[in-house]
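The values are calculated or read from the model by the stated rules, or taken from the named source; none is laboratory data. All figures in this text were calculated on a predicted structure; none of them were measured in a lab. Glycine gets a Cβ as well: all are built from the backbone with ideal geometry, and neighbour counts include every protein chain shown.
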Amino acid sequence: MIYYKDAFMNVGKILRKLRQYKGVTQENIATFLNLERSAYSKLEHDKTMLRLDTAKLIAVFYGFELHYLILCMEYDHYLNNPTTLRLIKAQKDKEAAFAKQVAYSA
């Protein structure tokens, strides 16, 4: 079994930075992940290991492929890359368009 916490010591820092880039709360992402906010908070504070299924959903939340999320965790230059910000912005734009469409159809 692979323990990502051992391989990537800054998982919590990376998750917090990505969340700040997207401008969402812990509650927002916890709801998307179907977790309690306190459980997500433990991920950001490195109190619990990041499970692969949760990592996949986090990647979807930010508009990434799983391998890109792992690269962000492994290499700081991916986290601070303009491409990362562009991908997050594109995902936010998709979500906003979907929300408008839902509101219009309701």
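Computed values, structure above
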| quantity | calculated |
| --- | --- |
| Residues of the range 1-31 satisfying the condition of being more than 18 Å from LEU79 (Cα to Cα), at pLDDT below 95 and hydrophobic (A, V, I, L, M, F, W, C) | MET1, ILE2 |
| First in the range 21-33 and more than 16 Å from ALA96 (Cβ to Cβ), second anywhere and among the small types (Gly, Ala, Ser) and modelled with pLDDT of 95 or more, Cβ under 9 Å, 6 or more apart | GLN26/SER38; GLN26/SER41; ALA30/SER38; ALA30/ALA39; ALA30/SER41; LEU33/ALA39 |
| Subset of the range 34-75 (residues that are within 17 Å of LYS13 (Cα to Cα), of a type in the set (D, E, K, R) and free of Cβ contacts under 8 Å to residues at least 60 places away in the same chain) | ARG37, LYS42, GLU44, ASP46, LYS47, ARG51 |
| Odd one out for MET49, checked against (1) surrounded by fewer than 16 Cβ atoms within 10 Å (Cβ to Cβ); (2) assigned to a helix (DSSP H, G or I); (3) of a type outside the set (Gly, Ala, Ser) | (2) |
| Any hit, the range 87-105, residues being of a type outside the set (Gly, Ala, Ser) and part of a loop (DSSP other than H, G, I, E, B) | no |
